[in-house]
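The values are calculated or read from the model by the stated rules, or taken from the named source; none is laboratory data. Values in this document were obtained by computation on a predicted structure and should not be read as measured data. Note that each Cβ is placed from the backbone with ideal geometry, even for glycine, and that neighbours are counted across all protein chains shown. The area values use the complete protein model at the heavy-atom level, side chains included, leaving out ligands, DNA and RNA. Shrake-Rupley method; radii C 1.70, N 1.55, O 1.52, S 1.80 Å.
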Number of protein chains: 2
Amino acid sequence: MASQRMNNHAVEVVFLFVMLAAFSGSVVGQNATASLAERLGYSRDAKLLIVHADDLGMTHAVNAASIQGLESGLVSSASMMVPCPWFPEIADYARNHPDADLGLHLTLTSERVYLRWGPVASKEKVPSLLDPAGYFFHDWSAGTHINPKEAELEIRAQIERAYAMGVHPTHLDSHQYRLFASGKELFEVVLRVAHEYQLPVFVARDWFAEHPYLESSLSRNDIVVDHTVTIEPTVPAEKWAEFYTNAIRSLEPGVTEFVIHLGYDDEEMRAATRERDTWGAAWRQRDFDFFTGAEFGKLLQRQNIKLITWRELARAAKQE
Amino acid sequence: MASQRMNNHAVEVVFLFVMLAAFSGSVVGQNATASLAERLGYSRDAKLLIVHADDLGMTHAVNAASIQGLESGLVSSASMMVPCPWFPEIADYARNHPDADLGLHLTLTSERVYLRWGPVASKEKVPSLLDPAGYFFHDWSAGTHINPKEAELEIRAQIERAYAMGVHPTHLDSHQYRLFASGKELFEVVLRVAHEYQLPVFVARDWFAEHPYLESSLSRNDIVVDHTVTIEPTVPAEKWAEFYTNAIRSLEPGVTEFVIHLGYDDEEMRAATRERDTWGAAWRQRDFDFFTGAEFGKLLQRQNIKLITWRELARAAKQE
């Protein structure tokens, strides 16, 4: 654990930093005197975990597996893709389960080949987001010029459709991290809209080194998750449980979000993802098997890890 | 058979009618001197059948079952819903199987609850087609005012997306018959666009009595299928094969289109259609089982029925 590794010198440095921050009042992105865990009412060394399923709405198999995950009690949160064909199914679930922790997975890409989606906004108003057939781009490359005004319009349209369908999201995040990893302008669009709707945005301190604009754009009361863990294509299928088990055993104090992708390895999911294995049907089934399996629950207990939700984070932010 | 039932008096009446038609040149919708079968190069009493699968693109299960039907050789034609999420999958199939007889199933409704779709055109340009969340209406009621100009814009957008994706449709028809059964104005929109793209439109003579504007709007060279057969919710599941067997045994001479709905009774299809049984997962599995079953092929042979395609009809129309 980080606290055990800390030597006396480090403790002095942290103390100095905290005092400076309190004096200057200029530390952004986090209340300088209290950790996120403390803002939530836990001790500074508590290990708090959001197990978060992405991509709800993409297929029925993703919806069904994610609902099963949420109802197992071991998946604490999830987010929904409004432009996707099965959004009405998960919106119906959200309306009928107002306590479920469901946010919006803001989506400006349509990365698959055989199953695709396009904007919620009027196409003519968001041309920079669209390929020649009118779908979102498969991917954004260096040559893709995304107009931030159009991104904002589309993000607002997605949020407005969710509310129009009776959904009250608990938080916002970004499909494929596109809106966070593509420069300051797009991130500030998300942040501005999030503040307006009073919704927390999933940002992790882990990302600040690579994308310094994230930290500099955040305001004092924005939530910053301490750590995030997500499995990558470099992990072979047979090492799946080992990867997650290690991540849980070495969990740092503070708030961590596990970003996972649930689905069933069935006909629909295989067809939807058949052009590549990454984040494909078998991948999602492996995530499902681990996070709804008996071993995961026991690991959480043994490591004294508490599952939390975005609703709790939002509440903490609003109280300040 | 109708020809056997014909008495001498009837033959005289028909002869008179043909002579009158040839003289006046005013018979619309069909070359008065030749039946559709004859225009296709068959004898007047040939029994020609298009076995046509609707709704391709709606789900993966519909695509997979319809492709299997087409490849069995016993389903001769199908049409695709461009606004639907799995259109890219069937468009990919169409590009790679240029001989497959695939038309466009023009779609202005989104009749399901958990899986939905909206326009291909820019939303702001087609407001009369959309519900408050921006999907196509579930259904059109007496109070739904569909602006024909907006319908035309959307139809053109669907056709243009298909061509943009490398699809060359063989014909046009209308999802839930909405564009044919909702008045002269909408039908004339379809017809105008179809003429422009030189695509035949599925119209059956059976419909003229209920919708006389169909006949009066058609021009001389438009294709008119003589009969159409589609199973209705009044047929109980256990009578499915009996219904189709009777329809095949009593097939009239001329061109008949069987409008069928293929799909697998799997998780995706059940979820997509779970709000009602009509045209649901089990319904589509029953259609699939009958039309790809050994008995259907034998019946066609015994009754001397020849399967034809829309490509053949289009070719016949263009030769005149």
(request) Considering only segment A:112-137, state which residues are part of a loop (DSSP other than H, G, I, E, B) and more than 7 Å from chain B (Cβ to nearest Cβ). (result) A:ARG112, A:GLY118, A:PRO119, A:ALA121, A:VAL126, A:ASP131, A:TYR135, A:PHE137
(request) Just one of (1) within 14 Å of another protein chain (Cβ to nearest Cβ); (2) buried (at least 17 other Cβ atoms within 10 Å of the Cβ) trips up B:LEU48, so point out which. (result) (1)
(message) Can you say whether A:LEU153 is at negative phi and in contact with a strand residue (DSSP E or B) (Cβ under 6 Å, 6 or more places away or on another chain), as far as the supplied structure shows?
(response) no
(request) Of the numbered conditions (1) more than 14 Å from chain B (Cβ to nearest Cβ); (2) touching a residue at least 24 places away in the same chain (Cβ under 8 Å); (3) over 21 Å from the mean Cα position of the chain (by Cα), A:ALA294 fails exactly one; give the number of that condition. (result) (2)
(request) Could you give me the residue pairs with C-beta distances under 8 Å whose first residue belongs to segment B:94-113 and is closer than 15 Å to B:ALA162 by Cα, whose second residue is acidic (Asp, Glu) wherever it lies, and which are 6+ apart or on separate chains? (result) B:GLY103/B:ASP173; B:LEU104/B:ASP173; B:HIS105/B:ASP54; B:HIS105/B:ASP55; B:HIS105/B:ASP173; B:LEU106/B:ASP173
(message) Given the options A:VAL193, A:VAL229, A:VAL224, A:VAL259, name the one that is open to solvent by 20 Å² or more (accessible area, probe 1.4 Å) and among the β-branched types (Val, Ile, Thr).
(response) A:VAL229
(request) Would you mind finding the one in B:THR273, B:THR278 that is of a type in the set (S, T, N, Q) and away from chain A (no Cβ under 14 Å)? (result) B:THR278
(request) Please tell me if A:GLU160 is part of a loop (DSSP other than H, G, I, E, B) and surrounded by fewer than 22 Cβ atoms within 10 Å (Cβ to Cβ). (result) no
(message) Between B:GLU257, B:GLU238, which is of a type outside the set (Gly, Ala, Ser) and under 23 Å from B:ILE90 (Cβ atoms)?
(response) B:GLU257
(message) Restricting to segment B:80-96, name every residue that is at the interface with chain A (Cβ under 8 Å from one of its Cβ atoms) and part of a loop (DSSP other than H, G, I, E, B).
(response) B:CYS84, B:PRO85, B:TRP86
(message) If B:ALA316 satisfies all but one of (1) part of a loop (DSSP other than H, G, I, E, B); (2) open to solvent by less than 60 Å² (accessible area, probe 1.4 Å); (3) in contact with a Lys or Arg (Cβ under 8 Å, 6 or more places away or on another chain), what's the number of the condition it fails?
(response) (1)
(message) I'd like the full set of residues that are assigned to a loop (DSSP other than H, G, I, E, B), open to solvent by 40 Å² or more (accessible area, probe 1.4 Å) and within 16 Å of A:ALA317 (Cβ to Cβ), limited to segment A:196-212.
(response) A:GLN198
(request) State whether the residues of segment A:263-281 include one that is in contact with a strand residue (DSSP E or B) (Cβ under 6 Å, 6 or more places away or on another chain), open to solvent by 20 Å² or more (accessible area, probe 1.4 Å) and of a type in the set (Asp, Glu). (result) no
(request) Identify all residues within segment B:138-188 that are charged (D, E, K, R) and within 14 Å of chain A (Cβ to nearest Cβ); write none if there are none. (result) B:GLU150, B:GLU154, B:ARG156, B:GLU160, B:ARG161
(request) From A:SER174, A:SER182, grab the single residue that is crowded, with 22+ Cβ neighbours inside 10 Å and of a type in the set (Gly, Ala, Ser). (result) A:SER174
